[in-house]
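Enquirer: If you scroll down you'll find the structure; I have some questions about it.
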Amino acid sequence: MKKLLTLQGCSQYSDDVKEQYRPSACGPTTAYVIMNYLFGEQAVNKSINDFYDLLGGTKIGLFTWRFKRNMRRYLGPGWLVDSCTVEQAMAEIDAGRPVAVKFDKYFSLRFFTPALFA
């Protein structure tokens, strides 16, 4: 069953994002979109650039461990920010909650598997 959440998407290549951040701003953009979905743009009062700095973005991207740690700090103890399985992520979406999913080809060592070269 298809489940769509009504949220306002955004691109890491938006003119609102600092030019030097754009190539590596996918994680901060995801955090920005999810926070605005959960709390509203007025309540969050942060830009993608703010999330880039807050979460510790780098020129090569935002590491998963850093995203989780800094989102925990930002949200506080009442929120769960953690890794999960695909099935758990789908269950969260089915329950109407947004999920950040990372498909990391370069740092997962999966690009060495023959299936990806077929």
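The values are calculated or read from the model by the stated rules, or taken from the named source; none is laboratory data. Computed from a predicted model, the values in this text were never measured in an experiment. Heads up, the Cβs are rebuilt from the backbone with ideal geometry, glycines too, and the neighbour counts pull from every protein chain shown. These area figures cover heavy atoms from the full protein model, side chains too; ligands, DNA and RNA do not enter into them. Shrake-Rupley method; radii C 1.70, N 1.55, O 1.52, S 1.80 Å.
Enquirer: Place a point 7 Å from the Cα of Q20 along the Cα-to-Cβ direction; which residues of segment 48-90 have their backbone N under 16 Å from it?
Expert: Once the point is set 7 Å along Cα→Cβ of Q20, 49-54, 56-61 turn out to lie under 16 Å by backbone N, inside segment 48-90.
Enquirer: Please give the length that would be gained between D53 and D82 if that part of the chain were fully extended, namely 0.36 nm times their separation in residues minus their C-alpha to C-alpha distance (nm, one decimal).
Expert: Working it through step by step, the gained length comes to 8.4 nm.
Enquirer: Is the shape of segment 1-89 rounded, prolate or oblate, going by the alpha carbon gyration tensor and its root eigenvalues a ≥ b ≥ c, with a/c under 1.5 for rounded and a/b larger than b/c for prolate?
Expert: In terms of gyration-tensor shape, rounded.
Enquirer: Translational D (Stokes-Einstein, µm²/s) of segment 46-94 at 20 °C and 1.002 mPa s when Rh comes from the Kirkwood sum over C-alpha pairs?
Expert: In µm²/s, the coefficient rounds to 177.
Enquirer: Counting only the heavy atoms of the protein chains, how much of L38 is accessible to a 1.4 Å probe, in Å² to the nearest 10?
Expert: Estimated to the nearest 10 Å², L38 gives 70 Å².
Enquirer: As a test of reading the structure, rank F63, F51, F39 by solvent-accessible area (1.4 Å probe, protein chains only), most first.
Expert: Accessible-area ranking of F63, F51, F39, largest first: F39, F63, F51.
Enquirer: What whole-number distance in Å separates the alpha-carbon centres of segment 51-74 and segment 6-30?
Expert: 14
Enquirer: With +1 on each Lys and Arg Cβ and -1 on each Asp and Glu Cβ, and nothing else charged, work out how big the dipole of segment 34-101 is about its Cα centre, in Debye to the nearest 20.
Expert: That gives segment 34-101 a dipole magnitude of about 340 debye.
Enquirer: Here is a further query. Taking a 1.4 Å probe, which of D53, D15 shows the most accessible area, and what order do the others take after it?
Expert: Largest to smallest exposure gives the sequence D15, D53.
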